[in-house]
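Structure first, then comments.
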Amino acid sequence: QVQLVESGGGLVQPGGSLRLSCAASVSILRFVNMGWYRQAPGKQRELVAAITGSGGTNYDDSVKGRFTLSRDNVAVYLQINSLKPEDTAVYYCTGVYVGTGNEIWGQGTQVTVSS
């Protein structure tokens, strides 16, 4: 079964940083259209960062300048800096597995920003 697994979440004080990772049960290179979403309590899931078809990255306005999406041959990462309480959410990794064309979601990792 093809899976994506996030890690790196936790409790951090405002202004702190975290690095989220998204690994796959198969080669991460077998995924396209990868991105990170988040869902805060009582809110809809929203896209925060995504890799474009040309290999660039798009960010939601609320995270521009603070979040950085990157990938290597092992995983996809989301570096999140200058964290704010409103960044508190479950963060999900997603991508399309080229073997089936199915969109795969990870189980999520909790990020809590609180003093």
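The values are calculated or read from the model by the stated rules, or taken from the named source; none is laboratory data. From a predicted model like this one, the values you see are computed outputs, not experimental measurements. Here the Cβ is made from the backbone with ideal geometry for all residues, glycine too, and neighbour counts use every protein chain on show. Protein only, heavy atoms only, side chains kept; ligands, DNA and RNA dropped before computing areas. Shrake-Rupley method; radii C 1.70, N 1.55, O 1.52, S 1.80 Å.
Considering the chain as a Gaussian network with a 10 Å cut-off on Cα pairs, which listed residue, S54, S70, S27, attains the greatest mean-square fluctuation?
S54
In a GNM of the chain with a 10 Å cut-off on Cα contacts, which of G16, G65, G99 has the highest mean-square fluctuation?
G99
Which residues does a label at S114 reach in the stretch 1-38, if reach means a backbone N under 20 Å from a point 7 Å past the Cα toward the Cβ?
8-19, 38
What is the diffusion coefficient of the stretch 48-115 in µm²/s, taking the Kirkwood radius over Cα pairs and the Stokes-Einstein relation at 25 °C with a viscosity of 0.890 mPa s? Walk me through the numbers on the way to the answer.
Working: Rh = 13.4 Å.
Using the Kirkwood radius from Cα pairs, D works out to 183 µm²/s.
Would you please give the FRET efficiency between T68 and R45, computed as 1/(1 + (r/R0)^6) with r the Cβ-Cβ distance and R0 = 22 Å, to the nearest 0.05?
With a Förster radius of 22 Å, E is 0.60.
Modelling each spin label as a point 7 Å along the Cα-to-Cβ direction, I'd like the N58/V96 distance in nm, to one decimal.
1.3
Using the heavy atoms of the protein chains alone and a 1.4 angstrom probe, what is the accessible area of the chain per residue in square angstrom? Let's see the in-between values first.
Values: 6000 Å² over 115 residues.
In whole numbers, the chain has 52 Å² accessible per residue.
Inverting the mean 1/r over all pairs of different Cα atoms, compute the Kirkwood radius of the chain and quote it in Å.
Working: mean 1/r = 0.0710 Å⁻¹.
The answer is 14.1 Å.
Return the carbon/sulfur percentage of the accessible area of the chain, one whole number, probe 1.4 Å, all protein chains in place.
Working: 2770 of 6000 Å².
With neighbouring chains kept in place, the figure for the chain is 46 percent.
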